[in-house]
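Have a look at the structure below before the remarks.
The values are calculated or read from the model by the stated rules, or taken from the named source; none is laboratory data. Just so you know, these numbers come straight off a predicted model, no measurement behind them. Cβ placement follows ideal geometry from the backbone for every residue including glycine, while neighbour counts extend to all protein chains displayed.
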Amino acid sequence: MNDPKSSQNPPAQSKEDEQKEIKETLGRIRNKIVVLSGKGGVGKSTVAVNLAAALAAETSRVGLLDVDIHGPSVPMLLGLQGKRLEASVTGKLLPVEYSPRLKVISIGFLLEDKNSAIIWRGPLKYGVIKQFIKDVTWGDLDYLVVDSPPGTGDEPLSVCQLIEKPDGAIIVTTPQDVAVLDVRKSVNFCVQLGMPILGVIENMSGFVCPHCGKETPLFKTGGGKAMAEELGIPFLGSVPIEPAIAENADAGVPFYSSAAENATPAQKSFTAIVKKIIEGVNR
């Protein structure tokens, strides 16, 4: 990636050439899915990472684009901390491979220190997101999953403008009213941009005790489903809280499992959600 402050950057491309490159890159990607949330702390990145892992497990070729410039968590969630981006012989960036079918791009792969703060305004953020789409050798993909930061600001807007026609958005919320209130703004964001909404996921919907299996509604339940029904958008399902989800995240391993036997309630819920997403994209 070019340093925005460097005076050694190559001559700038014309807008027409940039648009041509972006279209060529996106033309090799069948489905583009943007994961959004109106509020932080709802587990959006966990959902995006596990969605990408689940799609890859379905023998799909998947790209995971982390556009959370200020708080990139995808490298940690996939155990890719310390990895660095490399350039191909053509000078384009090569995504980091989590597996043969899952490629990942994140600003986290460009930071020398994981504690570094990125203090950028909108134009610089737009520029790096554009590079992550235009100047990356994504190749042929069945799905590109975009993990956006919370809210409706620069990053999700930049992604939607650059991709032009995403195949749909997945909106993540938790059940309580304060989260659902903010998530409604993400719904309005999609409506104003004309982006289809594949559905709402209610995350942290109850706590499953690892000892007795009983589910307790820590943050109550049903807020996401009620909102989806009220607004006339699909409800994809609920994912309960399980200690193993946090343990897997810290270990850099997706909690999703394609194995039906011994699957936990959260894994079963997420498997059903992924099936609905695939059906919605291919409808």
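Sort out which residues of the range 51-66 are β-branched (V, I, T) and modelled with pLDDT of 95 or more, and write them in order of number. Within the range 51-66, just V62 meets the criteria. For the condition of a type in the set (S, T, Y), farther than 30 Å from S257 by Cβ and assigned to a helix (DSSP H, G or I), S116 does not qualify.
Which members of the range 59-100 meet the condition of being more than 25 Å from E21 (Cα to Cα) and not in a loop (DSSP other than H, G, I, E, B)? Correct list: V74, P75, M76, L77, Y98, S99. Would you please name the residue that is surrounded by the fewest Cβ atoms within 10 Å (Cβ to Cβ), looking only at residues in the range 84-98 that are modelled with pLDDT under 95 and not aliphatic (A, V, I, L, M)? This residue is T90. Just checking, does the range 201-224 include any residue being of a type in the set (A, V, I, L, M) and assigned to a helix (DSSP H, G or I)? Within the range 201-224 (the criterion being of a type in the set (A, V, I, L, M) and assigned to a helix (DSSP H, G or I)), the answer is no, since none of the residues qualifies.
Annotation note: of I105, I163, I170, the sole residue that is crowded, with 23+ Cβ neighbours inside 10 Å and either among the polar types (S, T, N, Q) or under 30 Å from M227 (Cα atoms) (or both) is I170. Identify, please: which residue in the range 261-279 is of a type in the set (D, E, K, R) and surrounded by fewer than 16 Cβ atoms within 10 Å (Cβ to Cβ) and is, among those, nearest to P196 (Cα to Cα)? Per the criteria, the residue is E279. Considering the range 24-44, and only residues there that are within 18 Å of I170 (Cα to Cα) and among the polar types (S, T, N, Q), the residue that is surrounded by the fewest Cβ atoms within 10 Å (Cβ to Cβ) turns out to be N31. Would you point out the residue of the range 240-283, among those that are over 24 Å from D142 (Cα atoms) and of a type in the set (V, I, T), that is farthest from the chain's Cα centre (by Cα)? That would be T264. Determine if the range 242-255 includes at least one residue that is touching a Leu at 6+ places or on another chain (Cβ under 7 Å) and not in a loop (DSSP other than H, G, I, E, B). Yes: one or more hits.
When the range 119-141 is limited to residues that are in contact (Cβ under 8 Å) with a residue 40 or more places away in the chain and not in a helix (DSSP H, G or I), the one that is nearest to R101 (Cα to Cα) turns out to be L141.
Can we say D142 is of a type in the set (D, E, K, R), surrounded by fewer than 19 Cβ atoms within 10 Å (Cβ to Cβ) and over 23 Å from R30 (Cβ atoms)? Criteria not met by D142. Under the condition of being surrounded by 21 or more Cβ atoms within 10 Å (Cβ to Cβ) and among the aliphatic types (A, V, I, L, M), the residues counted in the range 218-240 number 4.
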